[in-house]
Number of protein chains: 2
Amino acid sequence: MELVRIYECLCEPTRLRLLHVLAAGPLCVCHFQAVMREPQVKISKHLGYLRTRGLVECEREGNWMIYRLPAKPSRELRSNLACLQDCVRENPVFRRDRARLAKLAPRLAQTGPACCP
Amino acid sequence: MELVRIYECLCEPTRLRLLHVLAAGPLCVCHFQAVMREPQVKISKHLGYLRTRGLVECEREGNWMIYRLPAKPSRELRSNLACLQDCVRENPVFRRDRARLAKLAPRLAQTGPACCP
DNA sequence: GATTCATATTCCCTCTAAGGAATATGAATC
DNA sequence: GATTCATATTCCTTAGAGGGAATATGAATC
C-alpha cells in the first residue's frame, strides 16, 4: 500500500525535519546542511530515501541538486504532509530549523534555492 | 519525539488495519482474528507493539483482552488517526475488514466486545 | 585535462522489525 | 487440581534501516 510507504518515510526524525523545511520551498543539499546542522551523508541519504518513495522530487542545477515537494502529490501524501506540519508547529527543533532557514532567506531571494558562499 | 513513535506504528499494514477496526469500537483478540483473518501471534504481537507505544489501551475481561483506542489521545495521535481513517476510507482491504466487523455487530451488541462462539 | 566543488554511493557495523513454531501465562470450569 | 480456552511470550531466522568513513560521480573552472 502506498500509505505504508509514506509512513515509512515519516518514522525518522531527520526525514521529518527535511520535509518540514521543504514545505517552505525548494532547497539544495548544502542549504539543508546549514539549516539542520547535520552531516552531508546523513542528509543526502535521507533525501535519497524520500526520493525513491516519491515524497520529494529533485533536479540538478549546475553543481547543485534542488529538492522540492512533489508538484502533484497524491491525496494521501497531501493529507499527511498537512498533518505533519500541523503536529510539529510548536516543536523547538522544527522551529529552529525554520529560523535558520529564515536567515538564509535574503540570499535565497537573490540566487534561488541553490548556491553556497 | 512522540510523533516518530506514532509513525513507527503506522508503517506496517497489519497495524493500520488494527487501528482502523478499533476506530469502530473496542474489540477482543479473537474477534480481530475473525475480522482480519490473520494468525493469532501476528495480531497479538502487533497489538502489543501498539500498546507499548500508547496507540491502544487494553483491559482483561475474563479470558479475553479488550483493546481500545486511548481514552485521552494526544493531539498528534488524534490528528494522525483522523488522517488515517480518511486515507483508507476507499481501500478494499480496510472496507472488507469493516464489512466482516459489521457481520459481528449483532453478536457484539449482545455480549460486548469479548466472547467467541 | 586536472582540479574543485556539491552531492551520491559503497562498505562496514549495529540494531530493530517481522513472521512462524512452540511454549508459557492466567482465568474459568469441571 | 487438572483441563480448557484466549492471549502473550520466547526463540529462531531473515531483512532492512541507520550512521559514519571513505570513495565515486558529474558539472564547472582553470
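So the values come out like this:
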quantity: Residue (of B:Asn63, B:Ile43, B:His31) at the positive-pole extreme of region B:14-77, dipole from beta-carbon charges; calculated: B:Ile43
quantity: Only Lys, Arg (+1) and Asp, Glu (-1) charged, at Cβ; the protein assembly as shown dipole about Cα centre in debye; calculated: 40 debye
quantity: Qualifying GluC sites (Glu not before Pro) for region A:3-90 [loop in DSSP, other Cβ within 10 Å: at most 10]; calculated: A:Glu90
quantity: Accessible surface of B:Ser44 - all protein chains present, 1.4 Å probe, nearest 10 Å²; calculated: 50 Å²
quantity: Residue mean of other protein chain beta carbons inside 10 Å, A:75-83; calculated: 4
quantity: Given B:Lys42/B:Lys72; A:Lys72/B:Lys72; A:Lys45/A:Lys103, the pairs whose alpha carbons are separated by over 28 Å; calculated: A:Lys72/B:Lys72
quantity: Length added when fully stretched, B:Glu57-B:Thr14, from 0.36 nm per residue minus Cα-Cα; calculated: 13.8 nm
quantity: Spatial separation of Cα centroids for region A:1-46 and region B:24-54, in angstrom; calculated: 32 Å
quantity: Compactness index (Cα Rg / 2.2 N^0.38 Å), chain B; calculated: 1.01
quantity: Simple Cβ-charge dipole of region A:13-103, Lys/Arg +1 and Asp/Glu -1, about Cα centre, in debye nearest 20; calculated: 140 debye
quantity: Shortest-first distances to equivalent copies, position B:Gly62, nm, label 7 Å out along Cβ; calculated: 7.5
quantity: Residue-normalised accessible area of the protein assembly as shown, expressed per residue, 1.4 Å probe, Å²; calculated: 51 Å²
quantity: Inter-copy separations for B:Gln85, label at 7 Å along Cα-Cβ, nm, ascending; calculated: 2.4
quantity: For A:86-95, mean number of other protein chain Cβ atoms within 10 Å; calculated: 3
quantity: Solvent-accessible area of B:Leu104 with every protein chain in place, 1.4 Å probe, in Å² to the nearest 10; calculated: 20 Å²
quantity: In Å², nearest 10: area of A:Met65 left accessible to a 1.4 Å probe; calculated: 60 Å²
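The values are calculated or read from the model by the stated rules, or taken from the named source; none is laboratory data. Please read all numbers here as calculations on a predicted model, not as lab measurements. Reconstructed Cβ throughout: ideal geometry from the backbone, glycine too, with neighbour counts over all protein chains shown. What goes into the accessible areas is simple: the full protein's heavy atoms, side chains included, and nothing from ligands, DNA or RNA. Shrake-Rupley method; radii C 1.70, N 1.55, O 1.52, S 1.80 Å.
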